[in-house]
1. Identify all residues within segment 67-108 that are of a type in the set (D, E, K, R) and closer than 16 Å to THR141 by Cβ; write none if there are none.
2. Of all the residues that make up segment 42-89, how many are among the aliphatic types (A, V, I, L, M), farther than 21 Å from VAL130 by Cα and in a loop (DSSP other than H, G, I, E, B)?
3. In segment 49-73, what residues are within 26 Å of PRO117 (Cα to Cα) and not hydrophobic (A, V, I, L, M, F, W, C)?
4. Within segment 90-105, can you find the residues that are surrounded by 13 or more Cβ atoms within 10 Å (Cβ to Cβ) and part of a loop (DSSP other than H, G, I, E, B)?
5. Is one or more of the residues making up segment 48-69 buried (at least 19 other Cβ atoms within 10 Å of the Cβ), within 17 Å of ARG147 (Cβ to Cβ) and touching a Ser or Thr at 6+ places or on another chain (Cβ under 9 Å)?
6. Could you please find all residues in segment 106-120 being modelled with pLDDT of 95 or more and either assigned to a loop (DSSP other than H, G, I, E, B) or not assigned by TED's automatic domain parsing to the domain that holds ASP76 (or both)?
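The values are calculated or read from the model by the stated rules, or taken from the named source; none is laboratory data. The structure displayed is predicted, hence computed values, not measured ones. Counting neighbours? That spans all protein chains shown, and the Cβs are built from the backbone with ideal geometry, glycine included.
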Amino acid sequence: MTACEKCSSASGVFVPRCLLGSILPALFLCCSDGDGPGRIVWDRDACKACSMVISDHHFAAQIRGGPKNQLFKFDDLGCAMKWLDQQPWAEDASTKFWVARQADGEWIDAKTAHYVPGKTSPMGFNFGAVDGTTAGADYATQRATVRTLVTRH
């Protein structure tokens, strides 16, 4: 009997094992986040830094990086910047960082975005991301501001 002739049974349905071996990996590939920002399950996913539930579409952030190229989700841009500063791989060129554009919640590159003070954010850092063509603090300036805010607390 060959591998293709062997069958698996689940609820009375017989599926050749060779099909399971080719279908299951394909399902995981199509559902993976790939190399871009992932899907946030609003009001369910928790912030990697503070463990608060991510619920505000206008201040969320995501970082992909580290040895396993993992995706990390955050409820506040400040949480993400503070957390990233604590990672040994923070400055690696392969580290990707996205922030929700304050106006509409669309994902934009955090490193090319600008940051403006304004509305109250979930963790009280109180700045939002705007497109890099809009006036505001650049990425390096905003990270320095977050470092200053963190040392005050």
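1. LYS82, ASP85 - these are the residues of segment 67-108 that are of a type in the set (D, E, K, R) and closer than 16 Å to THR141 by Cβ.
2. Adding up the residues that qualify gives 2.
3. Matches in segment 49-73: SER51, SER55, ASP56, HIS57, HIS58, GLN62, ARG64, LYS73.
4. First, the residues of segment 90-105 that are surrounded by 13 or more Cβ atoms within 10 Å (Cβ to Cβ): 90, 95-102, 105.
Within segment 90-105, ALA90, THR95, GLN102, GLY105 meet the criteria.
5. Looking for residues that are buried (at least 19 other Cβ atoms within 10 Å of the Cβ), within 17 Å of ARG147 (Cβ to Cβ) and touching a Ser or Thr at 6+ places or on another chain (Cβ under 9 Å), one finds at least one in segment 48-69, hence yes.
6. GLU106, ALA110, LYS111, THR112, ALA113
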